[in-house]
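For reference, the structure is listed below as structure tokens.
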Amino acid sequence: MPELPEVETVRRTLAPHVIGRRVTAVEVRERRLRQPVQPGFEACLLGRAFRDVGRRGKYLLFELDDEQTLLAHLGMSGSLHLRGREAALAPHDHVFIEIDASEVIVLNDPRRFGMMRVGAVTEFAELRQIGPDPLSTRRNADDWRREVRRRRMPIKSLLMDQRFLAGIGNIYANEMLFEAGIRPRRMASRLSRLELERLEGAMHAVLYKAVELGGSSISDFRDARGQPGYFQIHHAVYDREGAPCPRCAAPIRRVVLSGRSTFYCPNCQR
DNA sequence: CGCACCCCCTGCCGGC
DNA sequence: TGCCGGCAGGGGGTGC
């Protein structure tokens, strides 16, 4: 589910409810997430106040008042909800963080590919690996050329490589390549200056629009207040194999690239 | 270095 | 109707 726009939507809806408020209870019902929830997790959070909620790529960072940070990743199927403390338990609710004895942040994750950990932000190895955030970084064509010259891989694989850019997943990689008119399997190192400029523009357009609309992602995305995203109605190619291209009506094609479904218009993308 | 292929896990959908 | 295989928004590891 969550790529950058969804995670950003969760961050924005959660932040005003948690900043300045204090953790009054913690419960972990299922520790077996992508990496097991650490033994001291509850104690690290209890009594702490939230200073800020940040995001790096697909990671959420809840800054605490003791220089520690709660790091969260939602994997494929994870979500963070705010609930009243009397709300009923749902299947796959794994972690509960009660704030000011009123609301509860709930991590729900059917597939358990998500993670949560508390620690010093400098010690999170996964953050050291990831590249710049495409929403807060702009690369001009020269930057792109320099970065891309040595990358002998399909441009879609590069876009999804979190060490190169942090936050782009399968849906948005497909969509921004459609916007840019570039085939997913084109070698990154062989893209022209003009194509890289178009890609930079498409990347921002697609991501900003998705954030503006509150995140996309198939039918089941909900922000932290339970509101659905609406971007799915704008998917031009993702999950539309055989359906007409919105621009030229040619049937959308599906191929597999690095094990991931890849969609493009054979006519509009070259 | 890049990649094809595994794995982790549950749910859902389409085909038979 | 019911079962089974394939596939799903992510990421990490291996061996070639």
Return the residue satisfying two criteria in turn: it lies in segment A:106-126 and is over 19 Å from A:Arg51 (Cα atoms), touching a residue at least 40 places away in the same chain (Cβ under 8 Å) and crowded, with 20+ Cβ neighbours inside 10 Å, and of such residues it is farthest from DNA strand C (Cβ to nearest atom).
-> A:Asp109
Picking from A:Val37, A:Val26, the residue that is within 18 Å of A:Ala120 (Cα to Cα), in contact (Cβ under 8 Å) with a residue 12 or more places away in the chain, among the aliphatic types (A, V, I, L, M) and not in a helix (DSSP H, G or I) would be A:Val37
Within segment A:141-157, the residues that are within 13 Å of DNA strand C (Cβ to nearest atom) and surrounded by 22 or more Cβ atoms within 10 Å (Cβ to Cβ) are A:Lys156
Quick one: in segment A:78-105, of everything that is surrounded by 14 or more Cβ atoms within 10 Å (Cβ to Cβ) and within 16 Å of DNA strand B (Cβ to nearest atom), which residue is farthest from A:Leu64 (Cα to Cα)?
-> A:His92
Positions within segment A:54-67 being free of Cβ contacts under 8 Å to residues at least 60 places away in the same chain and assigned to a strand (DSSP E or B), in sequence order | A:Gly54, A:Leu60, A:Phe62, A:Glu63, A:Leu64
Out of A:Gly78, A:Gly84, which single residue is in contact (Cβ under 8 Å) with a residue 60 or more places away in the chain and farther than 13 Å from A:Leu14 by Cα?
-> A:Gly78
Test for A:Phe41: is it buried (at least 18 other Cβ atoms within 10 Å of the Cβ) and out of contact with any Phe, Trp or Tyr (no Cβ under 6 Å at 6 or more places or on another chain) | yes
Any chance A:Arg183 is of a type in the set (D, E, K, R) and either modelled with pLDDT under 95 or under 29 Å from A:Glu27 (Cα atoms) (or both) | no
Scanning segment A:93-103 for residues that are touching a residue at least 60 places away in the same chain (Cβ under 8 Å) and not acidic (Asp, Glu), the one farthest from DNA strand C (Cβ to nearest atom) turns out to be A:Ala101
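The values are calculated or read from the model by the stated rules, or taken from the named source; none is laboratory data. All values reported here derive from a predicted model rather than from experimental measurement. No Cβ is skipped: glycine too gets one built from the backbone with ideal geometry, and neighbour counts run over all protein chains shown.
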